[in-house]
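Q: One structure coming up, written as structure tokens, with questions to follow.
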Amino acid sequence: MNKFVKIAAATAIAMSGATAVMAQDEGLYIPNLSYRTGPFASTGIPLMNGQRDYVAMLNARDGGLNGVHLEFDECETGYSTEKGVECYEATKDQAIVTQPWSTGITLQVLPRTNVDEIPILAPGYGFSAMGDGSVFQWGFNMPSSYWDGASMILNEISGGDLSSLAGQKIAFLHLDHPYGKEPLPFLEAMAEANGFELLPIPVGLSEMQNQASQWLQIRRERPDYVVMWGWGAMNAGAISEAVKTGYPMDQFVGVWWSGHDADLAAVGADGTGYRSISWSAPQPDAPVMAAVREHVFEAGNSLASEEELNSVFYQRGLVISMILTEGIAAAQDHFGSATIDAAQLRWGLENVNITDERLAELGMSGMVAPFATSCSDHTGHSGGWMLRWDGDSFEVDSDHLSPDSETIRALEVSAAAEYAAANAPWPTASCE
């Protein structure tokens, strides 16, 4: 039985907790620490399906990468940090990469990767300071970090002039979890520099579906904007409460993990005007979608539904696997070997170069903005777009947006140095 095609069976095995990795055929083992169960499953499923289907398409259409099969696998964490660490330990020996899929898990395995010498790929999540590749040699959060996202949101709502926010109040509705707290250093610095009030409003894991107290505070405080850093059931709960309380949807903006089609579909036209910053954009007519349909979906090898294929999160999953496989291909080319190890993949991920021309070759034009990484820059800072819910689907609602890279770089270097000092001895590299 082809293990890749029968991934559902492998996933079912993994759901019992971190298990010993199944014996691999000759190929490149790229496990995912997935969460198809638990309170965040509604968002995890389409992301995992997209990641899986892009790899399946390459295997079916091209025989993998340069003749080497890509062994996609999942170890179910339920978004639990403890289970995530168990999955990391269970998969690391044969893996050339780890994909934690949680900021909490990322922070826990980050020190281990220095010892294990295995790269972390955390696209658009994790610790923003991982952008400093001289300190976080094995951590990659390309193409955009949470600080990038916060910067782009502030740039958009201020019309490009953050000083115009002076005297305004911005509520920061966030999951009370490492993920939800991650943008606070940037937001706090911007509030102090530009004279607006930042009002953090945490949402506990047990409160995600009942945010009455948080929205009572929002009604009382009457903020000019609500910025949401939500995930899973929290997003749907917040959007429903905003509709119920009559909060203006055009003043409600979420990060890219708070732009899930299904959460807005639940309120339909009442959610019109809600926006989400995004480093990816759905392109239903992209050539890559035709390839996925032909080689995976119509062949009966996808776990996705027809409705899911054009969703923001499914297509973001495709982009994430593209980023990983572009790193693999760069390493294969540089080292002159189709079979690479984790250390070689680290080089590949440091030398990803996604140009407009390359996106056209991949059939993914418009799905992500061009970006490049380097030894010192593990994020790439691609920027993104504002997506707007039109009552039926998310549509691109802005020109390409860029983060305040100068400010963010200074924060990255400072936070990375602080982290290294707190976790001494911490190995660093020269990127000159």
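Where a number appears in this text, it was derived from the coordinates with a stated rule and is not lab data. Just so you know, these numbers come straight off a predicted model, no measurement behind them. When we count neighbours, we look across all protein chains shown, and the Cβ atoms used for this are built from the backbone with ideal geometry, even at glycine.
Q: Pop a pseudo-label 7 angstrom from the Cα along the beta-carbon direction at both Ala417 and Ala269 and give the gap in nm to one decimal.
A: With each label point 7 Å from Cα toward Cβ, the separation is 5.6 nm.
Q: For the chain, which DSSP H helices look membrane-span-like by this rule: Cα extent along the axis of 27 Å or more and mean Kyte-Doolittle of at least 0.0?
A: Counting only whole DSSP H runs, the qualifying helices are 312-335.
Q: Can you check what the Kirkwood hydrodynamic radius comes to for the range 359-404, Cα pairs only, in Å to one decimal? Let's see the in-between values first.
A: Numbers: mean 1/r = 0.0803 Å⁻¹.
By the Kirkwood definition, the hydrodynamic radius is 12.4 Å.
Q: Can you tell me, using C-alpha contacts under 8 Å and at least 6 residues apart, the relative contact order of the chain as a whole percent?
A: 20 percent.
Q: Kindly put Glu307, Glu76 in sequence by how many other C-beta atoms sit within 10 Å of each C-beta, fewest to most. It would help to have the intermediate numbers written out before the result.
A: Numbers: Glu307 12, Glu76 28.
Going from sparsest to densest Cβ surroundings: Glu307, Glu76.
Q: Still on this model: If I take every Cα pair under 8 Å that is 6 or more residues apart in the range 244-333, average their sequence separation and divide by the length, what percent do I get for the relative contact order?
A: 29
Q: Could you list, bin by bin from short to long, the percent of Cα-Cα pairs of the range 226-301 in 10 Å steps?
A: 18, 41, 22, 16, 3
Q: Let me ask another. Return P(r) of the range 194-320 (all Cα-Cα pairs; 5 Å bins starting at 0; whole %; ordered from short to long distances).
A: 2, 10, 18, 20, 16, 12, 9, 6, 4, 2, 1, 0
Q: Tally Lys and Arg at +1 and Asp and Glu at -1 over the other residues with C-beta under 15 Å from the C-beta of His334: what net charge comes out?
A: -3
Q: On to the next question. Skipping prolines and chain starts, which residues have an amide H placed within reach, meaning under 5 Å, of the one on Thr37, given they are 5 or more residues away or on another chain?
A: Amide H neighbours of Thr37, under 5 Å, 5+ apart: Gly78.
Q: What order do you get for His177, His378, His260 when you list them from fewest to most C-beta neighbours inside 10 Å? Write out the running numbers ahead of the final one.
A: Details: His177 20, His378 31, His260 26.
Fewest to most other Cβ atoms nearby, the residues stand as His177, His260, His378.
Q: If you count, for each residue, the other Cβ atoms within 10 Å and average over each peptide, how do 349-356, 86-93 line up from highest to lowest?
A: Values: 349-356: 18.2, 86-93: 20.2.
Sorting 349-356, 86-93 by mean packing, highest first, produces 86-93, 349-356.
Q: Which of Cys75, Cys375 has the fewest other C-beta atoms within 10 Å, and how do the rest follow up to the most?
A: Result, fewest neighbours first: Cys375, Cys75.
Q: Cβ under 15 Å from Met130's Cβ, Met130 left aside: what net charge do those residues give with Lys, Arg +1 and Asp, Glu -1?
A: -4
Q: At what distance in nm do the modelled label points of Thr428 and Asp341 sit from each other, each positioned 7 Å from its Cα along Cα→Cβ?
A: 2.7
Q: Checking the a/c ratio against 1.5 first, then a/b against b/c, what shape does the Cα gyration tensor give for the range 56-174?
A: prolate
Q: State the number of lysine pairs found in the chain whose Cα atoms come within less than 28 Å, restricting to pairs 8 or more positions apart or on distinct chains.
A: Total qualifying Lys-Lys pairs in the chain comes to 10.
Q: Summing +1 for each Lys or Arg and -1 for each Asp or Glu, what net charge is found among the other residues whose Cβ lies under 11 Å from the Cβ of Val203?
A: -3
Q: Taking N as the number of residues in the range 317-368, what is its alpha-carbon radius of gyration divided by 2.2 N^0.38 Å?
A: 1.14
Q: For the range 198-246, what does the alpha-carbon gyration tensor say about shape, rounded, prolate or oblate, given a ≥ b ≥ c as the root eigenvalues, a/c under 1.5 as rounded, and a/b over b/c as prolate?
A: prolate
Q: Could you pull the Rg and Dmax for the range 251-375, using just the Cα atoms, both in Å?
A: For the range 251-375, the Cα-based Rg and Dmax read 16.9, 55 Å.
Q: Here's another thing I want to ask about it. For the range 249-283 and the range 320-344, what is the separation of their Cα centres, given in Å?
A: With the range 249-283 and the range 320-344 each reduced to a Cα centre, they are spaced 34 Å.
Q: Explain nothing, just compute: Karplus ³J(HN,Hα) = 6.51 cos²θ - 1.76 cosθ + 1.60, θ = phi - 60°, for every residue of the range 290-296 in order, whole Hz, x for Gly and Pro.
A: 5, 5, 5, 4, 5, 8, 10
Q: A further question on this structure: Per DSSP H run of n ≥ 4, the term is -39500 (n - 2.57); total these for the chain, divide by its residue number, and report the mean residue ellipticity at 222 nm rounded to 500 deg cm²/dmol.
A: Only helices count here, giving -12500 deg cm²/dmol.
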